[in-house]
1. What is the number of the single condition among (1) basic (Lys, Arg); (2) assigned to a helix (DSSP H, G or I); (3) modelled with pLDDT under 95 that LYS77 does not meet?
2. For residues in the range 93-137 being more than 30 Å from GLN27 (Cβ to Cβ) and of a type in the set (Lys, Arg), which is modelled with the highest pLDDT?
3. Checking ILE138 against (1) among the aliphatic types (A, V, I, L, M); (2) in contact with a helix residue (DSSP H, G or I) (Cβ under 8 Å, 6 or more places away or on another chain); (3) not in a helix (DSSP H, G or I), which single condition isn't satisfied?
4. Looking only at the range 113-128, filter to residues that are free of Cβ contacts under 8 Å to residues at least 40 places away in the same chain and under 21 Å from PRO168 (Cα atoms); which one of those is surrounded by the most Cβ atoms within 10 Å (Cβ to Cβ)?
5. Given the options GLU226, GLU261, GLU170, name the one that is modelled with pLDDT of 70 or more and out of contact with any strand residue (DSSP E or B) (no Cβ under 9 Å at 6 or more places or on another chain).
6. Can you spot a residue in the range 45-54 that is of a type in the set (Asp, Glu) and in the same structural domain as ASP144 (by TED's automatic domain parsing)?
7. I'd like to know if the range 58-70 contains one or more residues that are surrounded by fewer than 19 Cβ atoms within 10 Å (Cβ to Cβ), assigned by TED's automatic domain parsing to the domain that holds TYR153 and assigned to a helix (DSSP H, G or I).
Amino acid sequence: MKKILPIVLLLLLLSPSFMFTVDEREQAIITELGEFKRAITTPGLHFKKPFIEKITRFEKRILSTDAPPGQYLTLDKKRLVVDFLARWKINDPLIFFKSVRNLFSANTRIEDIVYSELREELATHNINEVIAENRELIMDKVKDGSSAKLTEYGIELIDVRIKRADLPTEVQQSVFDRMVAERKRISKRYRSEGEEESAKIRAQTNKDKEIILAQAYAKSEKIKGEGDKIATKIYSDSYSKDPTFYQFMRKLEAYDKIIDENSVIFLPIDSALLDLIRNKK
């Protein structure tokens, strides 16, 4: 019997009711009949009173709260649907246990507090600032305001970021319709300006064409006049040298203009033209 007793005591000491381990990802608190006794934040082997003390474990790692979308009103009275992601950790397990007790309640409390801070902050900014310009600054202010309140629950808020910021579904279609109408208006204006510019170009082209044709005609008339002048001089010189030959050549030119291959002419026997034709044959 004396030999068995130490073995029984050893088994009791080694049983889960007497000792437990906490790894590096955890932290725990020990309660006795519902009353807090101590917090354990270091990993390793620990001991407790069997059957009397109870261990409650909490995450030591960074946790996240992925909040569902909520509607907010901006400074310029625009409604936005915004959802956010909060990253946090339990920095005081005792306060956490006394205030929210579990992760479900903690997530609910974080959503409520961040939603409240976000609603107040978005109400001081226009929609463009929220969507594009000052989002980082806005979320830094939301984080600072939320962190102060969450400290009371043993929670350290590490970061809060907006995942998405959109117009409500019922507003998106009207905005899309306005965008389409605006694009059509701009397109119509561009087409009108294009047609106006095209008409100007055509008018200028026609004007330039008329000017070029007029200049070409004037130049051709000048050249023709100079040619006629030279021809007249040649004829004049020919006439002064041989008037008979000159008159004969003028007649040939007249015949050439009025007679073609289908023409039938009657000439007197003593006609100079008839003599010319006979001599040519």
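1. In the conditions (1) basic (Lys, Arg); (2) assigned to a helix (DSSP H, G or I); (3) modelled with pLDDT under 95, LYS77 misses (2) alone.
2. Applying the filter and picking the extreme gives ARG119.
3. Only one criterion in (1) among the aliphatic types (A, V, I, L, M); (2) in contact with a helix residue (DSSP H, G or I) (Cβ under 8 Å, 6 or more places away or on another chain); (3) not in a helix (DSSP H, G or I) is unmet by ILE138, namely (3).
4. To start, the set of residues in the range 113-128 that are free of Cβ contacts under 8 Å to residues at least 40 places away in the same chain comprises 113, 116-117, 120-121, 128.
Add one more test, that the residue is under 21 Å from PRO168 (Cα atoms), and what stays is 116-117, 120-121, 128.
Numbers: SER116: 14, GLU117: 21, GLU120: 13, GLU121: 18, ASN128: 12.
It comes out as GLU117.
5. Values: GLU261 fails: modelled with pLDDT of 70 or more; GLU170 fails: modelled with pLDDT of 70 or more.
Answer to the check: GLU226.
6. The first filter runs over the range 45-54 and keeps only residues of a type in the set (Asp, Glu), leaving 53.
Subsequent filtering for residues that are in the same structural domain as ASP144 (by TED's automatic domain parsing) retains none.
Among the residues of the range 45-54, not one is of a type in the set (Asp, Glu) and in the same structural domain as ASP144 (by TED's automatic domain parsing), which makes the answer no.
7. The answer is no, given that none of the residues of the range 58-70 is surrounded by fewer than 19 Cβ atoms within 10 Å (Cβ to Cβ), assigned by TED's automatic domain parsing to the domain that holds TYR153 and assigned to a helix (DSSP H, G or I).
The values are calculated or read from the model by the stated rules, or taken from the named source; none is laboratory data. Being a predicted model, the structure only gives us computed values, none of them experimental. Cβ: placed from backbone, ideal geometry, glycine included. Neighbour counts: every protein chain shown.
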